[in-house]
Amino acid sequence: MAQTNPQSSLQVGTWDQLKTRLNRGIWPYLLITTYSLVVTLLLFRNPSTSRNTDILFVLFLGIMLLTYKMALRPEFKLAIAALFLGIGLPYFGTLNPFYMDIATMVGIFVVLALGLNVTVGFVGLLDLGYIAFYAAGAYLWAIFSTRQAQNIFPGLAHLFPVPPSWFFIFMLLALVVGACMGLLLGSPVLRLRGDYLAIVTLGFGEVIRVLATNLDRPVNITNGAQGIRDIGRPPLFFEPWVREMGVDLSQGQLYQLFFYFLVLLVLGFMIMVVYRLSNSRIGRAWTAIREDETAAIAMGVPLVRMKLTAFAVGASFAAVMGTIFAAKQLFINPPTFDLLRSINVLSMVILGGMGSIPGVILGATLVTLLNLQLLPRLARELSVLQIPSQFDPTQYQRMLFGLLLILMTIFRPAGILPEDRRRQELEGNAIDVPAEIEQSPPQATEPDVGMKS
Amino acid sequence: MVVQATTGSGHLVGQRSIKTILLEIFGPLLQVLMFVLGSATILSLIVILFAFVLRGSRTDIDLLQGTLIILPQVIIDGMVRGFLFATIALGYTMVYGVLEFINFAHGEIFMVGAFVGAGFGLSLAQQRMLADFPPLLFVVLAILLGMIVSGVLAMLTERIAYRPLRNAPRLVPLISAIGMSLFLQDLVRMIALATGMGFNVRFQTPPLGGSLPLGQIPIGGDRFASFSIDSRALIFIVAAIIMLIGLNYLINVTRLGKAIRAVAQDRATASLMGINVNRIIALTFLIGGALGGAAGVLFGIRVGTINPYVGFLPGLKAFTAAVLGGIGNITGAMVGGIVLGFLEAFVASYLSLFTRGQFAGANYADIAAFSILILILIFRPSGLLGEATTQKV
Amino acid sequence: MKRLVSLLTLLVMMLGFIAACGQQPVAQEPTPTVVELTEEPATEEPAPATPTEEPQETEEPQETEEPEDVTPPTGDFEGLIKIATQSPLSGPQAAIGLGIRNGAELGVEQLTEPLTSLGFTVELAPFDDQAQAEVGTANANNIASDPDILCVNGHLNSGVALAALPTYRNASVPMVSPANTNPNITEGGYEVAFRIVGRDDVQGAVAEQFAREELGIQSVFIIHDQTDYGQGVAEFFRQNAEANGITVLGFEGTQEQSQFDSILTPILPQNPDLIFFGGIYSQAGPLFDQARRAGITAQFMGPDGLDNAELVTLAGEAVADMYYTSVAAPVSQFPAAAQFAQDYQSRFNTPAPPFSAQAYDVVGICVQAIAQAAVDAGGKPTREQVVEALRNLDPYEGITGTYEFNDIGDPTEATYFVLQVNYDPDNPEEGWNENAVVKRLTIAPPESE
């Protein structure tokens, strides 16, 4: 950075110094332990929903971020993550179902964002209709676990609705269906580049939504705009032994726990798959395609196969999440799967940092928290100020979200936790970066001190 | 953007013959009109054929007759839709041409134009001047106001939300644009509520006259299909054509147009040639925004009621149209808009007629539009008029 | 060394977790009065022009016994009771959703006397469901987690309500809807679902009967807005029309908000006697207006979604003398509602939108039920007790009607109206309040299942 003014560079200096100091020796261990304990105790002391709980909950989730950023031994990090995700969060969830729901929704959106990240972040194919795969998975389970399926196969009416335990089979089925849809959409549009692909995928997403809205005639498949109610839920197979352990929770809470852990399981699997893929031959081929398609072809990268793989991987996970979402919500209708939702997921990927797995996880968590918890809370806090009703901030959550998107992109164009490669690129290009980026606060270029242990 | 490779280097505007200039202004327009005629004819033939084949399937009404009766109206609907998409699509395509990014907020620029026009009408009505205001003058003034506000707004959005991101990864400005779109929607809503316009706003105009009868054609028996065109639709089409002529003049004849084309082709080289790239990009947003604003005013006059979310869908369709025609190509955007508009109007009006209402046409029009888009892109991967060589590697 | 440290800290953390878990039940018991923040203290805003009651001093601790109390309350009657609203406060339907919130706010300011006299503090907790099922569900979980919320006043959209109802059922939160007319709300087997409006199946039948018998309609083209509400009522209209020999020329749905040419053009040659629109006024306005301009001469009709003065602003002459049905009495029918409309206007600077008066009544119903449950329970009631009290509600005299509930949560008798628009070209919105009631039917909800 050529011409940062002295004062800001001084600030960067002290900040860096502090960071380095805190990242040495036993300091990070002490810090993270105290932080976790204090936040956890404060949070558990009063679990009912309030402003303080909202703030504490975010700080509570911050444990994960801090653990990731600190220079700690990997085993220690894993242990904290396991404690946090396996005990701390679900336990708090049983105290306050709202936050359990939030945590589950965060998990669902993290998986979606990771899936989209494969196409957008790894391969650089802009997909604006990603939610269609999610919708397909949701409708798959919704139709077959209710009487809707009888309308499609009138001859086999006695087979439907399928028994609830088939949910797990349908999760696998959704994986296959999602992958097939990905291939189906991918194969005709692979010859298109960049923005043509964007509009085709956007169209695909709209087509799926329009079909969901209108396929109540001539044969009632999706029940149209009315949506599908009373979607089946898998049986709580673990209920007896949970009860035996003396845990007294209602059926609803057990289901919440069940879906939380199910999402967590899929999420873990997903992270593993994505991480392995990104560091494999396929992942490198994807990066090559993203950086320069022509050069990639010249180097012998099988373009079509690689792009199709990316589409299929992203789509299949979205579809699996769709089935879980349908079973969790018990009710789905077409507006849940509109374009704005696709855009939401895309904004998670880009805000977090395209191509960066931790970044995307963080982005998805932040955006979901913002939409479901923080913006409503902020708006309600602001409404105490006795603003005239026309300017009542509870009405303008979308505006706040829009503003946030603009500010974030201006001040962190590579995302919050950028992918290493992209960060280097941005710094390398510093010569023709316009003045705005130069003057932006020091976070604009991540000082990578203390990032690695 | 179409780069007229034929204009040799060194030629100054003044040295070109009138004939070349006229050709450059009206050439693209002729192309557009040919697509209008072509789409209308082909689609009409297709529906008549369908009606003929399916004649026996409906006993309650005479399908062929029903098809023919509404045909003139469908063609007019298609033209209005087509020119609407075309004028909005121009904004997308011009911005794409110079910056290679999708300005998602353009639909909202369009919506702001509609609100400015409605506000103009409303304030006249409050002064009790609306009823006696000369209708043509009203239309012209509303369009001009809409153009100014929308154009300046588009320029501002570029300055605030896009310029700082010019060197960021490709998709980042897109997110900024989406943020801008959400922001503008609610900002306009806030202003509309605060000023007492309300959420759904009636676009008040002086009396513009009713339908103008154009003629009648006999369609067998003693029944006639009467042609008539809603005066508002007529205003829409005429104004849109005038704007397209103006734009073609601006882009193909003036020095500014040449600079825009140069920036679109190669930003770095253009800047080496002494073109102020930032200024040209800002002006491109101004022009695109002004066109969008004008389209918004015309749309408002035509449909009568607007709300802050009215820009989203037309924006999306116009974006589709721009891609259909070959994004970055100005004539392509117009052609794409026309083709899409006709297609939607025909599918929407005839599908339910042919399927006995089993498939509601108006809903499947979207599906038809996107299917055609995919088909065309498979056979012509860079759009109807896009050039295969314009891909920038 | 490092390994040792990490092991040690882990141990400490484990202990911490265990400590937290162990400590928890103790900490939970004192009712969370700790850091409850108050959104809109009802006391701060003096309600303008409320002639009847002066219950504003909510802080007053002394208990004035309810006259009909049989058993004197035994427990301590202190504490906070919240009534939540869920409606879209942002997005395209914010205009009506705000009406529900604001109506409820007025209700909390004016109607909470039965509870405040018992010593409770009553607050409104407004939520924005953004007309999205998912947000509605998230809010429902939020509501479920707040033990002070004893009653939900919402939703506007049946789709969102149906999505949120499983959550309400799990937490036994009663939902009293001021606006949802979709039969599935109460037919769905949710014991926590109540509503004070009629049902679309009845409304569709009423509309059809009126069209057939009084207007002599022979053919109809039906358009709906593809929402649970609009499509539902249109579907019931169609079923009745087909059963009774009206020719249904078409049945189409559209989510288009402004440009209707492609729907209207196919209607032209079919020349129906009537166009029935199932949906909301904001869509109906431009639709009717454009239909007239396109040369369609059919009569128009629609359900209670059209009951808004803005319709005449949007559609102008096209809706002059139009008939529509309603599940709620027009404001002009009840003097009390007129007072409400006046209060609303002066408080929020805008005329009361549809369902705001119903939301106001829902607050009254909630308050009465909670108060009853509190008296019975001798303290702050549980949600289950409030549900029970709602089920056995003494007839509640509201500004839009008198309400009590049947087994599934429908009002035992709902009144359905057929109204005719009174179009006054000089002052369209004012004329709306003089819309004439052409027909008035009191119908019990149909037998369920």
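The values are calculated or read from the model by the stated rules, or taken from the named source; none is laboratory data. Predicted model, so just to flag it, every value in this text is computed and none were measured. All Cβ positions, glycine included, derive from the backbone under ideal geometry; neighbour counts span all protein chains shown.
Hey, any hits in the range A:253-261 for a residue that's assigned to a helix (DSSP H, G or I), surrounded by fewer than 18 Cβ atoms within 10 Å (Cβ to Cβ) and modelled with pLDDT of 85 or more? Yes: one or more hits. Per the conditions (1) crowded, with 23+ Cβ neighbours inside 10 Å; (2) more than 27 Å from residue A:210 (Cβ to Cβ); (3) within 12 Å of chain B (Cβ to nearest Cβ), the sole criterion not satisfied by residue C:266 is (2). In the range A:142-149 there is at least one residue that is surrounded by fewer than 24 Cβ atoms within 10 Å (Cβ to Cβ) and of a type in the set (Gly, Ala, Ser). Taking the listed residues A:240, A:188, A:235, the one that is surrounded by fewer than 18 Cβ atoms within 10 Å (Cβ to Cβ) and within 14 Å of chain B (Cβ to nearest Cβ) is A:188, with no other qualifying.
Within 12 Å of chain B (Cβ to nearest Cβ) and in a loop (DSSP other than H, G, I, E, B), is that true of residue C:257? Working first, answer last.
Numbers: within 12 Å of chain B (Cβ to nearest Cβ): yes; in a loop (DSSP other than H, G, I, E, B): yes.
Spelling it out, residue C:257 is indeed within 12 Å of chain B (Cβ to nearest Cβ) and in a loop (DSSP other than H, G, I, E, B).
Whenever a residue of the range C:368-383 is in the same structural domain as residue C:122 (by TED's automatic domain parsing), its partners that are among the hydroxyl-bearing types (Ser, Thr, Tyr), lying with C-beta atoms within less than 6 angstrom and at least six residues away or across chains, give the pairs C:368/C:396; C:378/C:74; C:383/C:172.
Kindly establish whether residue B:331 is farther than 30 Å from residue B:121 by Cβ, surrounded by fewer than 20 Cβ atoms within 10 Å (Cβ to Cβ) and out of contact with any strand residue (DSSP E or B) (no Cβ under 7 Å at 6 or more places or on another chain). Give the steps one after another, and end with the answer.
On the way: farther than 30 Å from residue B:121 by Cβ: yes; surrounded by fewer than 20 Cβ atoms within 10 Å (Cβ to Cβ): no; out of contact with any strand residue (DSSP E or B) (no Cβ under 7 Å at 6 or more places or on another chain): yes.
Judged against the criteria, residue B:331 is not a match.
Looking at this structure, is residue B:95 out of contact with any Cys (no Cβ under 6 Å at 6 or more places or on another chain) and at pLDDT 95 or above? It is false that residue B:95 is out of contact with any Cys (no Cβ under 6 Å at 6 or more places or on another chain) and at pLDDT 95 or above.
In the set (1) modelled with pLDDT under 85; (2) more than 9 Å from every other protein chain (Cβ to nearest Cβ); (3) surrounded by fewer than 24 Cβ atoms within 10 Å (Cβ to Cβ), the condition left unmet by residue C:295 is number (2).
Only one entry of C:394, C:426 meets the criterion of being part of a loop (DSSP other than H, G, I, E, B), among the charged types (D, E, K, R), exposed (fewer than 15 other Cβ atoms within 10 Å of the Cβ) and not assigned by TED's automatic domain parsing to the domain that holds residue C:186, and that entry is C:426.
What residue, among those in the range B:371-393 that are within 7 Å of chain A (Cβ to nearest Cβ) and surrounded by fewer than 23 Cβ atoms within 10 Å (Cβ to Cβ), is modelled with the highest pLDDT? Show your work before the answer.
Start the filter on the range B:371-393 by keeping residues that are within 7 Å of chain A (Cβ to nearest Cβ), which leaves B:373-374, B:377-378, B:381, B:391, B:393.
After this cut, where a residue has to be surrounded by fewer than 23 Cβ atoms within 10 Å (Cβ to Cβ) as well, the list is B:374, B:378, B:381, B:391, B:393.
Working: B:374: 81, B:378: 78, B:381: 76, B:391: 42, B:393: 34.
Residue satisfying both the conditions and the ranking: B:374.
Residues of the range A:338-369 being surrounded by fewer than 24 Cβ atoms within 10 Å (Cβ to Cβ) and within 12 Å of chain C (Cβ to nearest Cβ), which ones? Correct list: A:338, A:340, A:341, A:344, A:369. When residue A:138 is tested against (1) without any contact (Cβ under 8 Å) to a residue 60 or more places away in the chain; (2) surrounded by 14 or more Cβ atoms within 10 Å (Cβ to Cβ), just one condition goes unmet, and that condition is (1).
Yes or no, residue by residue, for (1) in a helix (DSSP H, G or I); (2) within 26 Å of residue A:277 (Cβ to Cβ); (3) modelled with pLDDT under 90:
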position: A:71; (1), (2), (3): no, no, yes
position: A:77; (1), (2), (3): yes, yes, yes
position: A:114; (1), (2), (3): yes, yes, no
position: A:156; (1), (2), (3): yes, no, yes
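Of all residues being among the polar types (S, T, N, Q) and within 30 Å of residue B:351 (Cα to Cα) in the range B:70-104, which is surrounded by the most Cβ atoms within 10 Å (Cβ to Cβ)? Just the residue, please.
Going through the range B:70-104, the residues among the polar types (S, T, N, Q) turn out to be B:73, B:87, B:93, B:103.
Still in the running and within 30 Å of residue B:351 (Cα to Cα): B:73, B:87.
Values: B:73: 26, B:87: 29.
So, considering only residues that are among the polar types (S, T, N, Q) and within 30 Å of residue B:351 (Cα to Cα), the one surrounded by the most Cβ atoms within 10 Å (Cβ to Cβ) is B:87.
Scanning the range B:162-219 for residues that are within 10 Å of another protein chain (Cβ to nearest Cβ), closer than 30 Å to residue B:138 by Cα, of a type outside the set (A, V, I, L, M, F, W, C) and in a loop (DSSP other than H, G, I, E, B) turns up B:195, B:196, B:198, B:200, B:204, B:210.
Mind listing just one residue for me: the one in the range A:294-314 that is in a helix (DSSP H, G or I) and among the β-branched types (Val, Ile, Thr) and, of those, farthest from residue A:273 (Cα to Cα)? Step by step, filter the range A:294-314, then rank; the result is A:294. Residues that are in contact with a Gly (Cβ under 6 Å, 6 or more places away or on another chain) and farther than 20 Å from residue C:373 by Cα were ranked within the range C:52-110; the one that is modelled with the lowest pLDDT is C:89. For the range C:168-177, the count of residues that are assigned to a loop (DSSP other than H, G, I, E, B), facing chain A (nearest Cβ under 8 Å) and of a type outside the set (Phe, Trp, Tyr) is zero.
Looking across B:183, B:203, one residue alone is modelled with pLDDT of 90 or more, surrounded by 18 or more Cβ atoms within 10 Å (Cβ to Cβ) and among the aromatic types (Phe, Trp, Tyr). It is B:183.
The number of residues in the range B:147-161 that are within 14 Å of another protein chain (Cβ to nearest Cβ), touching a residue at least 60 places away in the same chain (Cβ under 8 Å) and of a type outside the set (Asp, Glu) comes to 2. Within the range B:119-146, residues that are closer than 11 Å to residue B:206 by Cβ have Cβ atoms under 9 Å from residues that are surrounded by 11 or more Cβ atoms within 10 Å (Cβ to Cβ) and among the basic types (Lys, Arg) in these pairs: B:121/B:202, counting only partners at least 6 apart in sequence or on another chain.
For the range A:191-243, a tally of residues being of a type in the set (Val, Ile, Thr) and under 25 Å from the mean Cα position of the chain (by Cα) returns 8.
Scanning the range C:139-153 for residues that are more than 7 Å from chain A (Cβ to nearest Cβ) and in contact with a Phe, Trp or Tyr (Cβ under 9 Å, 6 or more places away or on another chain) yields a total of 4.
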